[in-house]
Amino acid sequence: MGEPRPIEADISQDRQAQLITRTGNGPTVGNEEELLAAEFGPADDRGVYGAPAAEENTSGGPRRLGGNTGGQEAMIQAMEGWLGTGEPNAIQAWYRERNGNDYSGNFPWCDATITNAAYTSDNYDAVCYGTDYAYTVAHAARFNQDKAWTAMTNGILKSGIRRGDIIFFDWDGSSSIAAIDHVGIVTSVSTDGQYVYTIEGNTGDVCARRVRVVHDIAGYGRPKYPTAGTSTTSTPARYQVTINGLAYGYGAKGAHITAVGEALVAKGFGKHYTDGPGPEWSDADTRNYSDYQQSLGLKGTKAGQDADGVPGASTLTKLLGKLPAPAASKPTPAKPAPSKTQYEPFPGEGFFHAGRYSPIITAMGRRLVALGFGRHYKTGPGPNWTNADKANVRDFQLSRDDLKGDADGIPGPKTWAALKIPKI
């Protein structure tokens, strides 16, 4: 973040190692867990949303590591396979073994994750142009050189970003390649164009699914995935989405799947069924739903495109009249309110600095907003310490006579006590 970073042609690995930076990024959307649960269902015991899809070779031929036969879904499966990975990790060790001790220690590994997934899923040429990338600026610049780069200057929907795209971020909100901080892969885009769902390595020191908004996205690169691995007439799209708390797509099960199949048959889109429909989503459901999507004027039957046979909220509403919802669960008994308000203790001198990531910072930001000192936030507040947090703290300090003499935007013990941040 901050100063622009150099864009250099034919960049060497030792130069990449000099230029990579750790941003310590984590969630930048306050309701991320809620959004992820709605999209993928509850997190598992590791905190991972959305179990990895079963690995499958859809290329129709033998796989060869580092080739270009894998396709979009193989790339996403490879990224899913790293979900929950902490640090230091096997991705760093793999990259270091290939590129030398310039990558010793716990180096930033977001783009190394993309490189590893591309290599092991046989998408190395499409995603990385045959080059190992650790420096995100260089990777984005290579997409731009190939005329495969789109800057995020027209909003999410108008940009055309979609599943399988390599997404780059600038936490300061620019669309400049030289300002890029971080990278991941797109798994889906919300129908209202408000959110992009991703998988990212080295986000809050793990590999995780994230929800991103337009402010944070600098742009994206579109790999030239081989079509055989993306989707074929014999192998339709085989990924799942979650709509209103229910899963749809290959392997999803339940009475709601049967209801979709019956509605397709009733509207004349059941020719691919040999039995059923339901209660488990099969390739026949995908093909029938693709026919229905195409009847609505949607285009593109490859996985991740608008008529690939995996439902979206709008087409599902048109088919069924309303979105099904999961059966209501028993309400959790409310916890008794504590007898006395408890406040978060001061985290200590030196806690607030660039790169700091903590839920305490989110709690502080929310308290500032509640007190009327949130005007510098464009998104969030979130767990990363940003210039917006600092500016809002300074406004709070200047509003009080007892804090004006120390109005530097960094919370000290007096500022922290005055904020009265509820204990998290």
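Considering every residue within region 362-379, establish whether at least one is among the hydrophobic types (A, V, I, L, M, F, W, C), farther than 30 Å from S290 by Cβ, assigned to a loop (DSSP other than H, G, I, E, B) and modelled with pLDDT under 85. Checked region 362-379: no residue is among the hydrophobic types (A, V, I, L, M, F, W, C), farther than 30 Å from S290 by Cβ, assigned to a loop (DSSP other than H, G, I, E, B) and modelled with pLDDT under 85.
Hey, among G204, G130, which residue is within 13 Å of the chain's Cα centre (by Cα) and open to solvent by 10 Å² or more (accessible area, probe 1.4 Å)?
Sole residue among the options that is within 13 Å of the chain's Cα centre (by Cα) and open to solvent by 10 Å² or more (accessible area, probe 1.4 Å): G204.
What helices (runs of 4 or more DSSP H), lying completely within region 71-173, carry at least 3 residues that are without any contact (Cβ under 8 Å) to a residue 24 or more places away in the chain, more than 15 Å from V183 (Cβ to Cβ) and hydrophobic (A, V, I, L, M, F, W, C)?
Numbers: elements: 72-80, 90-99, 110-120, 124-128, 136-145, 156-159.
Where helices (runs of 4 or more DSSP H) fall fully within region 71-173 and carry at least 3 residues being without any contact (Cβ under 8 Å) to a residue 24 or more places away in the chain, more than 15 Å from V183 (Cβ to Cβ) and hydrophobic (A, V, I, L, M, F, W, C), they are 90-99.
The test for being closer than 30 Å to I257 by Cα, hydrophobic (A, V, I, L, M, F, W, C) and open to solvent by 20 Å² or more (accessible area, probe 1.4 Å) does not hold for V213.
Scan region 261-270 and tell me whether some residue there is in a helix (DSSP H, G or I), out of contact with any Leu (no Cβ under 8 Å at 6 or more places or on another chain), of a type outside the set (K, R) and under 19 Å from F40 (Cβ atoms).
Of all residues in region 261-270, those in a helix (DSSP H, G or I) come to 261-266.
Then keep just the ones that are out of contact with any Leu (no Cβ under 8 Å at 6 or more places or on another chain); that gives 261-262, 265-266.
Adding the requirement that they be of a type outside the set (K, R) leaves 261-262, 265-266.
Narrowing the set further to residues that are under 19 Å from F40 (Cβ atoms) leaves none.
So far as region 261-270 goes, no, none of its residues is in a helix (DSSP H, G or I), out of contact with any Leu (no Cβ under 8 Å at 6 or more places or on another chain), of a type outside the set (K, R) and under 19 Å from F40 (Cβ atoms).
The set of residues in region 388-411 that are exposed (fewer than 15 other Cβ atoms within 10 Å of the Cβ) and in contact with a helix residue (DSSP H, G or I) (Cβ under 8 Å, 6 or more places away or on another chain) comprises L398, R400, D402, K404, D406, D408. In region 349-361, the qualifying residues are those that are surrounded by fewer than 17 Cβ atoms within 10 Å (Cβ to Cβ) and modelled with pLDDT of 85 or more, and the one that is nearest to R394 (Cα to Cα) is F351.
The values are calculated or read from the model by the stated rules, or taken from the named source; none is laboratory data. Owing to the predicted nature of the structure, the values given are computational and were not obtained by experimental measurement. Heads up, the Cβs are rebuilt from the backbone with ideal geometry, glycines too, and the neighbour counts pull from every protein chain shown. Keep in mind that these areas ignore ligands, DNA and RNA; they rest on the heavy atoms of the full protein, side chains included. Shrake-Rupley method; radii C 1.70, N 1.55, O 1.52, S 1.80 Å.
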